[in-house]
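The values are calculated or read from the model by the stated rules, or taken from the named source; none is laboratory data. All of these numbers come straight from a predicted model, not from anything done at the bench. As a convention, Cβ positions derive from the backbone with ideal geometry for all residues, glycine included, and neighbour counts pool all protein chains shown. Accessible surface areas use protein heavy atoms only, side chains included; no ligands, DNA or RNA. Shrake-Rupley method; radii C 1.70, N 1.55, O 1.52, S 1.80 Å.
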Amino acid sequence: MPVASSLLPTADPVQLRRAFGCFPSGVAALCVDLDGTLSGMAVSSFTSVSLDPPLVSVCMAHTSTTWPELRRAPFIGVSILGADHTAACRQLSSRTGDRFAGLETERMADGAVFVSGASAWLECTVADEIRAGDHDIVVLRVRALAATPEDHPLVFHSSKFFRLAGTNEL
(Lines give C-alpha, C1' and ligand atoms only; values in the text may rest on other atoms or scores of the structure.)
Protein backbone atom coordinates (compact mmCIF):
# COMPACT_ATOMS: atom_id res chain seq x y z
CA MET A 1 0.00 0.00 0.00
CA PRO A 2 1.44 3.42 -0.92
CA VAL A 3 2.25 5.63 2.08
CA ALA A 4 0.21 8.59 0.78
CA SER A 5 -3.03 6.58 0.78
CA SER A 6 -2.46 5.28 4.33
CA LEU A 7 -1.76 8.62 6.07
CA LEU A 8 -4.27 9.65 8.75
CA PRO A 9 -4.90 13.04 10.36
CA THR A 10 -2.95 13.52 13.64
CA ALA A 11 -6.09 14.50 15.57
CA ASP A 12 -6.71 10.88 16.60
CA PRO A 13 -4.72 10.35 19.84
CA VAL A 14 -4.97 6.55 19.56
CA GLN A 15 -3.33 6.56 16.12
CA LEU A 16 -0.77 9.14 17.23
CA ARG A 17 0.22 7.02 20.26
CA ARG A 18 0.42 3.96 17.97
CA ALA A 19 2.76 5.79 15.58
CA PHE A 20 4.94 7.15 18.41
CA GLY A 21 5.14 3.60 19.79
CA CYS A 22 6.95 2.48 16.63
CA PHE A 23 10.09 4.19 17.92
CA PRO A 24 11.79 2.08 20.62
CA SER A 25 13.19 3.89 23.62
CA GLY A 26 15.02 3.12 26.79
CA VAL A 27 13.39 3.61 30.16
CA ALA A 28 14.71 5.75 32.99
CA ALA A 29 13.62 6.23 36.59
CA LEU A 30 13.74 9.72 38.11
CA CYS A 31 13.84 9.51 41.90
CA VAL A 32 14.44 11.78 44.89
CA ASP A 33 14.33 11.78 48.66
CA LEU A 34 12.46 14.84 49.93
CA ASP A 35 12.87 15.11 53.69
CA GLY A 36 12.79 11.34 54.15
CA THR A 37 9.98 10.68 51.67
CA LEU A 38 10.80 8.92 48.40
CA SER A 39 9.25 10.20 45.19
CA GLY A 40 9.86 8.91 41.70
CA MET A 41 8.56 7.91 38.32
CA ALA A 42 9.51 5.97 35.19
CA VAL A 43 9.89 7.77 31.86
CA SER A 44 10.48 6.58 28.32
CA SER A 45 11.12 10.05 26.91
CA PHE A 46 14.71 10.22 28.21
CA THR A 47 17.42 11.23 25.73
CA SER A 48 20.92 12.64 25.67
CA VAL A 49 21.20 16.29 24.61
CA SER A 50 24.76 17.59 24.93
CA LEU A 51 28.26 16.54 25.95
CA ASP A 52 29.45 20.08 26.70
CA PRO A 53 27.77 20.99 28.92
CA PRO A 54 26.55 17.52 29.93
CA LEU A 55 22.77 17.61 29.40
CA VAL A 56 19.94 15.10 29.08
CA SER A 57 16.20 15.64 28.69
CA VAL A 58 12.88 14.10 29.63
CA CYS A 59 9.35 15.11 28.73
CA MET A 60 6.81 15.65 31.50
CA ALA A 61 3.04 15.76 31.00
CA HIS A 62 1.38 18.84 32.42
CA THR A 63 -0.96 16.44 34.24
CA SER A 64 1.89 14.74 36.14
CA THR A 65 1.47 14.91 39.89
CA THR A 66 4.96 13.50 40.50
CA TRP A 67 7.01 15.99 38.48
CA PRO A 68 6.14 18.95 40.76
CA GLU A 69 7.54 16.93 43.67
CA LEU A 70 10.72 15.91 41.82
CA ARG A 71 11.50 19.42 40.61
CA ARG A 72 11.59 20.66 44.24
CA ALA A 73 14.62 18.48 44.98
CA PRO A 74 18.05 20.05 44.55
CA PHE A 75 19.31 16.87 42.81
CA ILE A 76 17.44 14.18 40.88
CA GLY A 77 18.70 10.63 40.52
CA VAL A 78 18.24 9.31 36.99
CA SER A 79 18.63 5.53 36.67
CA ILE A 80 18.75 3.99 33.20
CA LEU A 81 16.77 0.83 33.88
CA GLY A 82 18.22 -2.51 32.88
CA ALA A 83 16.63 -5.47 31.15
CA ASP A 84 15.71 -7.01 34.52
CA HIS A 85 13.79 -3.93 35.72
CA THR A 86 10.40 -4.58 34.08
CA ALA A 87 8.65 -5.01 37.45
CA ALA A 88 10.43 -1.95 38.91
CA CYS A 89 9.38 0.11 35.90
CA ARG A 90 5.74 -0.93 36.22
CA GLN A 91 5.86 -0.18 39.95
CA LEU A 92 7.39 3.28 39.41
CA SER A 93 4.73 3.97 36.76
CA SER A 94 1.84 3.02 39.02
CA ARG A 95 -0.70 5.68 39.94
CA THR A 96 -1.56 3.93 43.22
CA GLY A 97 0.33 2.25 46.04
CA ASP A 98 3.88 2.61 47.27
CA ARG A 99 6.09 2.94 44.20
CA PHE A 100 9.16 2.00 46.26
CA ALA A 101 7.84 -1.03 48.18
CA GLY A 102 10.50 -3.75 47.93
CA LEU A 103 12.51 -1.74 45.39
CA GLU A 104 16.24 -1.66 46.10
CA THR A 105 17.54 1.92 45.97
CA GLU A 106 20.55 3.92 47.02
CA ARG A 107 19.95 7.32 48.58
CA MET A 108 22.56 10.04 48.21
CA ALA A 109 23.12 12.69 50.90
CA ASP A 110 21.99 15.44 48.48
CA GLY A 111 18.57 13.83 47.86
CA ALA A 112 19.19 11.96 44.61
CA VAL A 113 17.94 8.35 44.69
CA PHE A 114 19.15 5.59 42.37
CA VAL A 115 17.59 2.22 41.48
CA SER A 116 20.00 -0.60 42.25
CA GLY A 117 21.17 -2.70 39.30
CA ALA A 118 20.54 0.00 36.68
CA SER A 119 22.69 0.27 33.55
CA ALA A 120 23.68 3.85 34.38
CA TRP A 121 23.12 6.46 37.06
CA LEU A 122 23.12 10.22 36.53
CA GLU A 123 22.92 12.79 39.31
CA CYS A 124 21.19 15.82 37.78
CA THR A 125 19.84 19.29 38.42
CA VAL A 126 17.07 21.02 36.46
CA ALA A 127 18.67 23.33 33.88
CA ASP A 128 15.61 24.42 31.90
CA GLU A 129 11.96 23.67 31.18
CA ILE A 130 10.46 24.36 27.78
CA ARG A 131 6.71 24.26 27.21
CA ALA A 132 5.84 21.94 24.31
CA GLY A 133 2.16 21.18 23.75
CA ASP A 134 0.71 19.14 26.61
CA HIS A 135 4.21 18.40 27.98
CA ASP A 136 7.28 20.27 29.15
CA ILE A 137 10.71 19.35 27.84
CA VAL A 138 12.87 19.26 30.95
CA VAL A 139 16.59 19.71 30.39
CA LEU A 140 18.72 18.21 33.16
CA ARG A 141 22.38 19.03 33.77
CA VAL A 142 24.45 15.97 34.69
CA ARG A 143 26.60 16.59 37.76
CA ALA A 144 27.95 13.06 38.37
CA LEU A 145 27.51 9.63 36.81
CA ALA A 146 28.36 5.96 36.78
CA ALA A 147 27.70 3.41 34.04
CA THR A 148 27.88 -0.31 33.32
CA PRO A 149 27.28 -0.46 29.54
CA GLU A 150 27.68 -4.24 29.51
CA ASP A 151 24.32 -4.42 31.34
CA HIS A 152 21.64 -4.31 28.68
CA PRO A 153 18.90 -1.68 28.99
CA LEU A 154 15.17 -2.16 29.25
CA VAL A 155 13.53 -1.23 25.94
CA PHE A 156 9.98 0.12 25.52
CA HIS A 157 8.37 -0.43 22.11
CA SER A 158 4.74 -0.49 21.00
CA SER A 159 3.56 -0.20 24.65
CA LYS A 160 5.51 -3.31 25.70
CA PHE A 161 8.87 -3.99 27.37
CA PHE A 162 11.67 -5.86 25.60
CA ARG A 163 15.30 -6.89 26.02
CA LEU A 164 17.84 -6.22 23.29
CA ALA A 165 18.09 -9.35 21.15
CA GLY A 166 21.52 -10.93 20.99
CA THR A 167 24.81 -9.41 21.93
CA ASN A 168 26.39 -9.02 18.51
CA GLU A 169 26.95 -5.60 17.03
CA LEU A 170 25.79 -4.95 13.49
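Restricting attention to the range 123-144, the residues that are within 24 Å of His62 (Cβ to Cβ), open to solvent by less than 50 Å² (accessible area, probe 1.4 Å) and not β-branched (Val, Ile, Thr) add up to 4. Within the set Ser64, Ser44, Ser93, the sole residue that is closer than 23 Å to Ala19 by Cα and touching a Gly at 6+ places or on another chain (Cβ under 9 Å) turns out to be Ser44. Within the range 1-48, being polar (S, T, N, Q) and farther than 27 Å from Val78 by Cα holds for Ser5, Ser6, Thr10, Gln15.
To keep it simple, each residue is scored yes or no on (1) modelled with pLDDT of 95 or more; (2) farther than 22 Å from Arg72 by Cα.
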{"position": "Ala109", "(1), (2)": "no, no"}
{"position": "Cys124", "(1), (2)": "yes, no"}
{"position": "Ile137", "(1), (2)": "yes, no"}
{"position": "Pro149", "(1), (2)": "no, yes"}
{"position": "Gly166", "(1), (2)": "no, yes"}
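Residue by residue through the range 1-59, note down the ones that are of a type in the set (Gly, Ala, Ser), assigned to a strand (DSSP E or B) and open to solvent by less than 70 Å² (accessible area, probe 1.4 Å). Across the range 1-59, the qualifying residues are Ser25, Gly26, Ala28, Ala29, Ser39, Gly40, Ala42, Ser50, Ser57. Scanning the range 60-103 for residues that are farther than 18 Å from Val138 by Cα, without any contact (Cβ under 8 Å) to a residue 12 or more places away in the chain, part of a loop (DSSP other than H, G, I, E, B) and open to solvent by 50 Å² or more (accessible area, probe 1.4 Å) returns Arg95, Thr96, Gly97, Asp98, Ala101, Gly102. Among the residues making up the range 104-122, those that are crowded, with 21+ Cβ neighbours inside 10 Å and part of a strand (DSSP E or B) are Ala112, Val113, Phe114, Val115, Trp121, Leu122.
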